[in-house]
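Here is the structure we will look at.
The values are calculated or read from the model by the stated rules, or taken from the named source; none is laboratory data. A quick note: this is a predicted structure, and the numbers were derived from the prediction, not measured. No Cβ is skipped: glycine too gets one built from the backbone with ideal geometry, and neighbour counts run over all protein chains shown.
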Amino acid sequence: MCGKLKNSSPKRTPKSAGSADAPWLVVGLGNPGAQYETTRHNIGYLAVDELLDDLTPMPGTLSAHKRTNSLICQTKIDGRSVIIARARSYMNLSGGAIGALAKFFKIPAEHVIVIHDELDLDPAAVRIKVGGGENGHNGLKSTTQALGTRDYVRIRMGIGRPPGRMDPASFVLKPFSKQELEWLPLSLGDAADAVRLTVSRGVAIAQNEIHGRSR
């Protein structure tokens, strides 16, 4: 068990019976390995680190959960059970771990939050979305296939489009530039806030708050 998240709201939005008391699963998408740590594709991993750093009384750490091929931290947000996780597999296969975690902890798809990079959002923008297409993102495709539905929460972290004719697949695997590192902390903070608000107050309130920020 990790610590609890600080600075979370005491207010809660009522939810329908059945899934209201179910745990939440928060997964940051990325690729394992030191060579990928600071790449744009790993912004979901970095957002998980941001959440872990906010745990109190001390920062949280991820521990191996062998049955799901994941690294996890079990904690609470405003009294709600939350599993913060990273898949140990590569991005394109991350759905296997997400599906296994949801099954193991009995988490419904609507309580699964996936944090990922988004080419079609301006750099630093953070948006919350439920359902819809995967927009060519292989990590989301794998997640949808594993969960058997698109109706899970996505926290989309904008990285923008590659310059010129650069291949998007190459762009996402390159490290953040010096200019991008200037806005990255704000983006990570917004993503962490998006998780806290979604869990404690619901998607609609989280969207109103996060989408109203100018980035």
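Quick notes on this one:
- Exactly one residue among 198, 149, 143 is surrounded by fewer than 21 Cβ atoms within 10 Å (Cβ to Cβ) and β-branched (Val, Ile, Thr), and that residue is 149.
- Criterion: at pLDDT below 95 and not aliphatic (A, V, I, L, M) - qualifying residue of 189, 133, 202, 158: 133
- Among the residues of region 125-149, those that are over 15 Å from the mean Cα position of the chain (by Cα) and under 23 Å from residue 199 (Cβ atoms) comprise 132, 146, 147, 148, 149.
- Members of region 181-215 found to be part of a helix (DSSP H, G or I) and without any contact (Cβ under 8 Å) to a residue 60 or more places away in the chain, listed by number: 181, 182, 185, 193, 208, 209
- If you go through region 4-22 and pick out every residue that is touching a strand residue (DSSP E or B) at 6+ places or on another chain (Cβ under 9 Å), in a loop (DSSP other than H, G, I, E, B), within 20 Å of residue 101 (Cβ to Cβ) and at pLDDT below 90, you end up with 1.
- Here residue 204 does not fit the description of being hydrophobic (A, V, I, L, M, F, W, C) and crowded, with 19+ Cβ neighbours inside 10 Å.
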